[in-house]
Amino acid sequence: MDQGKYKKLNPYHVFFLINNTMVGQGLLSISHALSPVGYNQYWIPFLLGVVTQLVLIPMYWLGMRYPEDNLYVINERLLGKWLGKLVNLVFLIYLIMVFAAVTHNYLRLVQAVTMPDRTMYPALIAILFVSCYIVLGGIKLVARFCMLGFFFTAWMMVYLHWGIQKGEFSHMLPLFNVNMRDVWQASYQAYESFFGYELLLVYFPYIVQQKRSLLHVSGGLWLTVLVYTGVSLVSVVYFSEWQLENLRYPVLNLFKAVELTFVERIENFGIALWVFLVLSTAAPYLWAAKKAMDAVMSHNRRIHLYVILVCAYLLARVQMPTWLRQKLFEDWSFWLGYTMVVIPVLLLLLSLIRKPATPAKEQPQALAETDDGGGTQG
Amino acid sequence: MRRSSRILWLGSMLLFMLVLSGCNSIQYEQPTLEDMGFVTVMGFDRAKGDKMTVITAVPQSSQQKEKTQFYSVQVSTSAEAIMNIATKSERTIVPNQMRVILFSEDFVKQKGITDVVLDLYRDPRVGDNVVLGVVKGKVMDLLQGKYENKPEMGVYLNNLLRPRRETAFYPFTTIHDYIYRTTGGTADPLLPYLENNSKEGDIEITKVALIKDGKLVGFLTPEEGRILQAASNRGKVPPMSYLIQDDPNSDKKVRVYLEFVRNSIRKRYVPIGKKPAFEIELGITGNLLNYEGNRDLEDATNLAVVEEKIAREMEKALKAVLMKTTKLGIDPTNMLEKMRAKTYGEWQGLTIKKGMKDIPVKINVQLRITGVGTLK
């Protein structure tokens, strides 16, 4: 599959990669994350969209300066071998943590809602197995899975109709009775839902139309903003402020509002289908983590993928205090996520200060692979 | 991989599988669908002290006849109830198919229902569309009454309490609606009041229960409920009947009966200076199916007079209902939402509700009769 062609991500691949990597992680709880601003929340996704768009521009510039290198190679080129490797190691830890957190959070939801009396480790192994399978197919397969995930789940937006029907539209009237602290807290909490675009520089070298990629990336981003705004609007209409603050997964309760004549408790169906979104978020992170490990170890080996999977399994499965898991999956991964967003901006500044970028004489081994069966493709 | 190492690898795997199976914990058999007891109705009666009696109806289908098993336990929380009932039943009791939750009148008056509903809302196995109701007397008596020619209790109560135009004089409150209204700080929930009509062998929705802070504070008659629903939501309204003074030369009132009623409602917050005030504009269209007066309704002038008289009666009825509810410090029409939507700063719902009886409400009803039946 995809053998011999280095650049393989077409515009629509980039579009869905960006969109699905973001949505699978944050959609379920975006309204809850935005609850500090109560009913005024539906314009915050737009605000965060603008911020993300602004961050994407330096990322794009950096990518265009080093069109053949991924973020890890750029790190080593601009920060030096050891500092670059250290930063790559930090990225690797972050990517493994996000991968583990996404699968763990989803399985916790499944256990709470649909299978409270079952142990989740077979399901965890199944998700890890499928993620591994997708990643072994290379970045193009990851992107294709994102497309599949989008079309399998996008129709579920129809279910928002029940929330609109029963809701109170006057909640939407803008009062702006919030202070800057609330707006900051809501934006800070909700920005986690926008993470996913930071992987752009990892798969940037594989994009076919690199010059026009900012347009395609922006398209994916603004589709995400549209989805978040839609869900947020319906949540504002349907719930009270107390509900927004106290329901961990408001989208789940929006599913619960659905009443069909031929099937009941549609939320179970929705949660099961959500696995496509979770996989399309988890797989790009796993793929990026594999690339990070290749860069840290200076070798491209399939075993790196299996090591990451074992680490993720242990993170998600090993008994640890709730506070520690919360710190790992919410606080630390959150801060590392911000780091991964900020570092490309710093790298761009550094590259501008240093002499103009020249193509690498020698491709580092992490990127020199071809998509044959020898290693992880992509 | 060499052959010898492959054999070694396979052998050690087999050994591990054999030995490590001893580390496995006891696996309880997962119940099949037939082994599950799905609670369809849950009832709450008051018990001694802080406890409550929880009754659950679990349908049991056999080939000859559908039967319902009832389990009752005395507990402190609803979650505890499911746990304790599990020890009484031969099947695994689960609340996933719950449709109706009933509270005895005494329970709602004395104990309040917010904590119980919150407990159930927290449980992801319980759906948000489960309907709530208040029962005259004990829930146990109502559930165990004899109702000839009626389906299984869960199905019967679910069908009775589901939205229909005929019974639309109360707002079919579900768990979500209850939590939404209780925590929203503007509207207050209303619940249907059920009575065991043992003479006729059925259950009847006789009144609308008014709830304030989770407790029962009063009732509305179905007539009051109808006009209140018309003033609360836009859409289809149940049939309405009024007595109007049709003949100016006679004290005798004539009855009119409106069917296929639709409404449009516009509630506005129109403060006078700094004092709050509301305006309600209610537009009603419907067919006049019964008119006992002497006017010729084919004549447009006569029809306009009748329309005007019915509209004024509706205004009076709505005013009376709002007076009754605002005196109790509750807002069943969600009028206060209009005020909240225009109030900058923290919403002081409780304080405003206390003074609601003093807030002027201007009511204007416009009626349009679209048909007068097929008989002249």
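The values are calculated or read from the model by the stated rules, or taken from the named source; none is laboratory data. In this text, all values refer to a predicted model and were calculated from it rather than measured experimentally. Please note: Cβ atoms are built from the backbone with ideal geometry, for glycine as well, and neighbour counts cover all protein chains shown. The protein model used for the area step is the full one, side chains on, heavy atoms only, and it has no ligands, DNA or RNA in it. Shrake-Rupley method; radii C 1.70, N 1.55, O 1.52, S 1.80 Å.
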Practice item. Check segment A:26-33 and report whether any residue there is assigned to a loop (DSSP other than H, G, I, E, B), out of contact with any His (no Cβ under 7 Å at 6 or more places or on another chain) and open to solvent by less than 40 Å² (accessible area, probe 1.4 Å). Key: no
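On the given criteria, is B:LYS267 closer than 25 Å to A:GLU168 by Cβ, of a type in the set (Lys, Arg) and open to solvent by less than 40 Å² (accessible area, probe 1.4 Å)? So that I can check it myself, show each step before the final result.
Values: closer than 25 Å to A:GLU168 by Cβ: yes; of a type in the set (Lys, Arg): yes; open to solvent by less than 40 Å² (accessible area, probe 1.4 Å): yes.
Criteria met by B:LYS267.
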Within segment A:151-184, the residues that are open to solvent by 80 Å² or more (accessible area, probe 1.4 Å) and either assigned to a helix (DSSP H, G or I) or among the acidic types (Asp, Glu) (or both) are A:PHE151, A:PHE152, A:TRP155, A:VAL158, A:HIS161, A:GLN165, A:LYS166, A:PHE169, A:MET180, A:ARG181, A:TRP184
Only one of (1) touching a Phe, Trp or Tyr at 6+ places or on another chain (Cβ under 9 Å); (2) not hydroxyl-bearing (Ser, Thr, Tyr); (3) not in a helix (DSSP H, G or I) does not apply to B:MET314, and that is (3)
From the option list B:GLN348, B:GLN366, single residue qualifying as of a type in the set (S, T, N, Q), within 14 Å of chain A (Cβ to nearest Cβ) and open to solvent by 60 Å² or more (accessible area, probe 1.4 Å) is B:GLN348
Of the conditions (1) at pLDDT 90 or above; (2) within 14 Å of chain A (Cβ to nearest Cβ), the single one that B:VAL108 does not satisfy is (2)
Over segment B:317-334, the set of residues under 19 Å from B:GLN245 (Cβ atoms) and either of a type in the set (Lys, Arg) or not in a helix (DSSP H, G or I) (or both) is B:LYS319
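This table checks each residue for (1) in the same structural domain as B:ALA209 (by TED's automatic domain parsing); (2) open to solvent by 50 Å² or more (accessible area, probe 1.4 Å); (3) under 29 Å from B:THR32 (Cβ atoms).
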{"residue": "B:GLU80", "(1), (2), (3)": "yes, yes, yes"}
{"residue": "B:VAL94", "(1), (2), (3)": "yes, no, yes"}
{"residue": "B:ILE101", "(1), (2), (3)": "yes, no, yes"}
{"residue": "B:VAL108", "(1), (2), (3)": "yes, no, no"}
{"residue": "B:LEU118", "(1), (2), (3)": "yes, no, no"}
{"residue": "B:ASP123", "(1), (2), (3)": "yes, no, yes"}
{"residue": "B:GLY137", "(1), (2), (3)": "yes, no, no"}
Expected output for segment B:332-357 (first residue free of Cβ contacts under 8 Å to residues at least 60 places away in the same chain, partner open to solvent by 40 Å² or more (accessible area, probe 1.4 Å), Cβ below 6 Å, 6+ apart or cross-chain) is B:TYR344/A:ASN177; B:GLY345/A:ASN177; B:LYS357/B:LYS327
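For segment A:212-266, give me each residue that is away from chain B (no Cβ under 14 Å), open to solvent by less than 10 Å² (accessible area, probe 1.4 Å) and farther than 17 Å from A:TYR39 by Cα.
Pass one, segment A:212-266, residues away from chain B (no Cβ under 14 Å): A:212-233, A:262.
With open to solvent by less than 10 Å² (accessible area, probe 1.4 Å) added as a condition, the list becomes A:213, A:217, A:220-221, A:224-225, A:228, A:231-232.
A:SER213, A:VAL217, A:GLY220, A:LEU221, A:THR224, A:VAL225, listed by residue number.
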So, first residue touching a residue at least 40 places away in the same chain (Cβ under 8 Å) in segment B:238-254, second residue in a loop (DSSP other than H, G, I, E, B) and open to solvent by 100 Å² or more (accessible area, probe 1.4 Å), Cβ within less than 8 Å, six or more apart or across chains; the pairs are B:PRO238/B:GLU166; B:PRO239/B:GLU166; B:GLN245/B:ASP251; B:ASP246/B:ASN294; B:ASP247/B:ASN294
Considering residues that are more than 22 Å from A:LEU136 (Cα to Cα) and either in contact with a Gly (Cβ under 9 Å, 6 or more places away or on another chain) or open to solvent by less than 60 Å² (accessible area, probe 1.4 Å) (or both), the number found within segment A:284-340 is 12
B:LYS236 vs (1) in the same structural domain as B:ASP119 (by TED's automatic domain parsing); (2) at pLDDT below 85; (3) not in a loop (DSSP other than H, G, I, E, B): all pass except (1)
Among the residues of segment A:90-105, is there at least one that is among the polar types (S, T, N, Q) and over 18 Å from the mean Cα position of the chain (by Cα)? no
Quick count over segment B:192-228, residues being small (Gly, Ala, Ser) and not in a strand (DSSP E or B), is 4
Selection over segment B:178-228 where residues are open to solvent by less than 30 Å² (accessible area, probe 1.4 Å) and within 13 Å of the chain's Cα centre (by Cα) yields a count of 15
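Please work out which residue is farthest from B:THR68 (Cα to Cα), limiting yourself to segment B:147-164 and to residues that are loosely packed, with under 15 Cβ neighbours inside 10 Å and modelled with pLDDT of 80 or more. So that I can check it myself, show each step before the final result.
Looking only at segment B:147-164, we keep the residues that are loosely packed, with under 15 Cβ neighbours inside 10 Å, and these are B:148-149, B:151, B:159, B:162-164.
Subset that is modelled with pLDDT of 80 or more: B:159, B:162.
On the way: B:ASN159: 16, B:ARG162: 20 Å.
Out of the qualifying residues, it is B:ARG162.
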Residue pairs qualifying under the 8 Å Cβ cut-off, at least six apart or on distinct chains, with the first in segment B:123-136 being touching a residue at least 40 places away in the same chain (Cβ under 8 Å) and hydrophobic (A, V, I, L, M, F, W, C) and the second being surrounded by fewer than 20 Cβ atoms within 10 Å (Cβ to Cβ) and in a loop (DSSP other than H, G, I, E, B), are B:VAL126/B:ASN96; B:VAL131/B:ARG162; B:VAL131/B:PHE172
Scanning segment B:229-238 for residues that are open to solvent by 20 Å² or more (accessible area, probe 1.4 Å) and more than 16 Å from the chain's Cα centre (by Cα), the one nearest to B:ARG164 (Cα to Cα) turns out to be B:LYS236
B:ASP141: passes all of (1) in a loop (DSSP other than H, G, I, E, B); (2) open to solvent by 40 Å² or more (accessible area, probe 1.4 Å) but (1)
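Does B:LYS267 satisfy the condition of being within 14 Å of chain A (Cβ to nearest Cβ), touching a residue at least 40 places away in the same chain (Cβ under 8 Å) and under 23 Å from the mean Cα position of the chain (by Cα)?
Values: within 14 Å of chain A (Cβ to nearest Cβ): yes; touching a residue at least 40 places away in the same chain (Cβ under 8 Å): yes; under 23 Å from the mean Cα position of the chain (by Cα): yes.
Answer is yes for this residue.
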| task | Please verify whether segment B:288-309 includes one or more residues that are aromatic (Phe, Trp, Tyr) and at pLDDT 90 or above. | result | no
Among (1) farther than 26 Å from B:THR173 by Cα; (2) within 14 Å of chain A (Cβ to nearest Cβ); (3) in a helix (DSSP H, G or I); (4) basic (Lys, Arg), B:LYS309 falls short only on (2)
Scanning segment A:83-104 residue by residue, those of a type outside the set (Val, Ile, Thr) and under 16 Å from A:LEU286 (Cα atoms) turn out to be A:ASN88, A:LEU89, A:PHE91, A:LEU92, A:TYR94, A:LEU95, A:MET97, A:PHE99, A:ALA100, A:ALA101, A:HIS104
Taking segment B:313-344 and the residues there that are among the hydrophobic types (A, V, I, L, M, F, W, C) and either within 14 Å of chain A (Cβ to nearest Cβ) or within 20 Å of the chain's Cα centre (by Cα) (or both), the one that is most open to solvent (accessible area, probe 1.4 Å) would be B:LEU328
Scanning segment B:114-134 residue by residue, those away from every other protein chain (no Cβ under 14 Å) and touching a Phe, Trp or Tyr at 6+ places or on another chain (Cβ under 7 Å) turn out to be B:VAL116, B:LEU132, B:VAL134
